[in-house]
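K.L.:
If you scroll down you'll find the structure; I have some questions about it.
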Amino acid sequence: MLSAGCMGRGGSIIMIKNDDKNILEVKRLKKYFPIYKGVFRGIVGHVKAVDGVDFSIKKGETLGLVGESGSGKTTVGRCIIRLLEPTEGSVKFCTNGEVKDLTKMDRRELKEIRRDIQMLFQDPNSSLNPRMRIGDIIAEPLQIHRIGTSKQQVEHVKDLLMLVGLNTNQLNVYPHQFSGGQRQRIGVARALSLNPKLVICDEPVSALDVSVQAQVLNLLLDLQDKMKLTYLFIAHDLSVIEYISDRVVVMYLGKIMEKAPSEKIYQNPKHPYTEGLLSAIPRPGGTSIERKIILKGSIPDPSNPPDGCVFHTRCSYAKDICRNLEPELKAVKGDPESFVACHRSNELDLRGYV
């Protein structure tokens, strides 16, 4: 396969010793969308889509980012790759022994760094140009970055099609002539055309049938092993997250409620919101009414979040401290790998997915 190579990059460089081999470190990330009102379109408030998010991803692992619709998951992914401009915070990416803050890069520097960070979108119908043949769609990143000759690009595209399980004779076919699962495989091939180190997967299987979902997930796992990829996997389906993720971050109303290794999240959740999400996972033979936890109400307005813990309005365990004081995201007692933002985490005995 044609290698994208590594060009020298400009911009802010932080030379640090990366002992834990984190490829990505997100610190205090915020994204506020202004609310305009009145004749003169003045700013009267902000929608706090992402409100102080911290996490890291180790090289070669898959970090699952999960939560209900409106929790801020997709906004986090788009801020990392600068499809949306962060309001505040830092996004440090490690490449070739250098750690760079993506939030401080100009457009030229971002173009170079995007060779190492690619995004796989949710809906293959809207993310693939219907007027372009798939050979041109997959080759487009190579052309933008001026990698290889035309002949080399064609051969690289053929290699990628075989890698994702498609026929190399279909270079001149249009996206609408493929099934949904095949179109998502085309999206995977395009995302991998530059040999990236990190792939941000934004609900890549939510628009597919269940049987096709399994095929695409297995493909992503196989490619991760072959190409030494790192994934940030965004989804609302906890059963999908469990299958593919090494660690899990649970988000609610723009904040992190809990983060821990996958097996600990599923066997021993520490936050009531995580417990509620786990209880909604379908089980073989059906889920009994007694086991299902119905979260009352809906996600509050992110332009006017509740005081205290943002989840207290829907939490059956909430007390006065939860309504008045926002909990910090702290390490779980006796478990430095797990973190939770809950005042009562040490006293609650929550149900996992069993």
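K.L.:
Which condition number in (1) out of contact with any Phe, Trp or Tyr (no Cβ under 6 Å at 6 or more places or on another chain); (2) modelled with pLDDT of 95 or more; (3) under 29 Å from P272 (Cα atoms); (4) of a type outside the set (D, E) is the one that S69 fails?
P.N.:
The single condition S69 does not satisfy is (2).
K.L.:
Any residue at all in the range 323-346 that is among the hydroxyl-bearing types (S, T, Y), at pLDDT 95 or above and not in a loop (DSSP other than H, G, I, E, B)?
P.N.:
Yes, some residue in the range 323-346 is among the hydroxyl-bearing types (S, T, Y), at pLDDT 95 or above and not in a loop (DSSP other than H, G, I, E, B).
K.L.:
Kindly establish whether L83 is buried (at least 22 other Cβ atoms within 10 Å of the Cβ) and either touching a residue at least 12 places away in the same chain (Cβ under 8 Å) or out of contact with any strand residue (DSSP E or B) (no Cβ under 9 Å at 6 or more places or on another chain) (or both).
P.N.:
Taking the combined requirement at face value, the residue does not satisfy it.
K.L.:
Considering each residue of the range 162-173, count those that are under 17 Å from N129 (Cβ atoms) and either in contact (Cβ under 8 Å) with a residue 60 or more places away in the chain or outside any loop (DSSP other than H, G, I, E, B) (or both), and give that number.
P.N.:
Matching residues across the range 162-173 total 1.
K.L.:
Does N195 meet the test of being surrounded by fewer than 20 Cβ atoms within 10 Å (Cβ to Cβ), free of Cβ contacts under 8 Å to residues at least 40 places away in the same chain, assigned to a loop (DSSP other than H, G, I, E, B) and not acidic (D, E)?
P.N.:
Judged against the criteria, N195 is not a match.
K.L.:
Considering only the range 105-112, I want to know if a residue exists there that is assigned to a helix (DSSP H, G or I), crowded, with 20+ Cβ neighbours inside 10 Å, touching a residue at least 40 places away in the same chain (Cβ under 8 Å) and not small (G, A, S).
P.N.:
Within the range 105-112, none of the residues are assigned to a helix (DSSP H, G or I), crowded, with 20+ Cβ neighbours inside 10 Å, touching a residue at least 40 places away in the same chain (Cβ under 8 Å) and not small (G, A, S).
The values are calculated or read from the model by the stated rules, or taken from the named source; none is laboratory data. Every value quoted in this text rests on a predicted model; they were computed, and no experiment measured them. Reconstructed Cβ throughout: ideal geometry from the backbone, glycine too, with neighbour counts over all protein chains shown.
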